[in-house]
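What follows is a set of notes on a single structure, which appears directly below.
The values are calculated or read from the model by the stated rules, or taken from the named source; none is laboratory data. A quick note: this is a predicted structure, and the numbers were derived from the prediction, not measured. Every residue, glycine among them, receives a Cβ derived from its backbone with ideal geometry; neighbour counts consider all protein chains shown. Keep in mind that these areas ignore ligands, DNA and RNA; they rest on the heavy atoms of the full protein, side chains included. Shrake-Rupley method; radii C 1.70, N 1.55, O 1.52, S 1.80 Å.
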Amino acid sequence: MLGILGKRKTTPVLGLDISSTTVKLLELSYSGDRYRVESYAVSSLPQDAVIEKNVNDIDGVANAVRSVIAQSRSKLKTAAAAVAGSSVITKIIDMPEGLSDDDMETQLTLEADQYIPYPLDEVAIDFEVQGPSPDREGQVEVLLAACRRETIDSRVESIEGAELTAKIMDVEAYAMERAYTLVQSQLGLDDSATVAVVDIGATMTTLSVLNNGQTIYTREQLFGGKQLTDEIMRRYGLPMEEAGLAKKQGGLPDDYEPEVLEPFKDAVVQQVARSLQFFFSSSQYNDVDYIVLAGGVASMEGLPELVQEKLGTPAAVANPFAEMTISSRVNAVALSSDAPAMMIACGLAMRSFD
Ligand SMILES: Nc1ncnc2c1ncn2[C@@H]1O[C@H](COP(=O)(O)OP(=O)(O)OP(=O)(O)O)[C@@H](O)[C@H]1O
Ligand SMILES: [Mg+2]
């Protein structure tokens, strides 16, 4: 069984975020109370290699993994990767206390088909004892997680195709939760704050709401920076690569700002508002204390200010590296501009120190 919650004790691992458009690698070390970035690299994926968080072209992804390893010059041979939260079904169930791991697994496997809408031989199951059951004497609460084997296997094969061992298969939401602990202290937020972390990537926007160090809500929506790239390609007749560069470096005609960029930023704000609305309508919350913007799109100038102004909630951009030291072999300028997009990779690399 592959640990999709992965509670096993580990040695140093590379964090590998396999997203829809890129593979991101991060290696951290920890000493004297501080993290240090040992290596970092990002490589683009061929189009459609990953579709809506599912690996579609194993060789294409393996090549990108090989490329990040080569660029980063990391010596590590084991990696932690993650599946999307939407690929995982989780349930909290009560079980008798004092069962051995093996007995627990046997019993859970017997019961799991009540909770999981796929044939059991097609899913990987993992579990983690949370603590005594608040309602039932002699029982413990167990977090059960299940994911289609296919979803895990295609990621593992892409990683192993690049001569790495896929040691940990985590869930993106848990990686985000771990990386958020770094940001929380920087922003001076205490544990009781309810914080929305909005990761706006190339194709997906993922809202995680955190409270007391735990994710209390998560939801993915199809929205991301690719929409802006597509509009630039269409309007100015540029190939994808150039459109992507122009977005970051400028040099587009005068009508770009008022007619393309500003409307896109407004669309981002609306997307954040809509994601929050979904959360409010499915919970007893009607407010969050803080909005943290992550993902590549969060690097757009003026975005947190706009979100704060339009939604009336304080907002900031996530920088997981703000309090870390950086190895001299790492390109610190590139790392700093990619920082908000590195949250998942960072949360995965932090699995080295569990
Ligand atoms: N400085 C910037 N200004 C504007 N857009 C940017 C900037 N930097 C990155 N982006 C955009 O952010 C997106 C990539 O973000 P990210 O790396 O978080 O996505 P991803 O993780 O690959 O995608 P997903 O999470 O959707 O699978 C791209 O659309 C890219 O053009
Ligand atoms: Mg992403």
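Worth pointing out:
- Odd one out for residue 191, checked against (1) open to solvent by 70 Å² or more (accessible area, probe 1.4 Å); (2) touching a Cys at 6+ places or on another chain (Cβ under 9 Å); (3) not hydrophobic (A, V, I, L, M, F, W, C): (2)
- Hits in the stretch 295-354 (condition: part of a loop (DSSP other than H, G, I, E, B), among the small types (Gly, Ala, Ser) and without any contact (Cβ under 8 Å) to a residue 24 or more places away in the chain): 312, 328
- Counting only helices (runs of 4 or more DSSP H) that fall entirely inside the stretch 158-263 and contain at least 3 residues that are within 16 Å of ligand 2 (Cβ to nearest atom), the qualifying elements are 172-186, 226-236.
- Residue in the stretch 22-29 that is within 24 Å of residue 335 (Cβ to Cβ), at pLDDT below 95 and within 15 Å of ligand 1 (Cβ to nearest atom) present: no
- Any hit, the stretch 50-67, residues being surrounded by 16 or more Cβ atoms within 10 Å (Cβ to Cβ) and farther than 29 Å from residue 122 by Cα: yes
- Residue check, residue 275 within 16 Å of ligand 2 (Cβ to nearest atom) and either without any contact (Cβ under 8 Å) to a residue 12 or more places away in the chain or surrounded by fewer than 16 Cβ atoms within 10 Å (Cβ to Cβ) (or both): no
- Flag if residue 255 is without any contact (Cβ under 8 Å) to a residue 40 or more places away in the chain and of a type outside the set (Gly, Ala, Ser): yes
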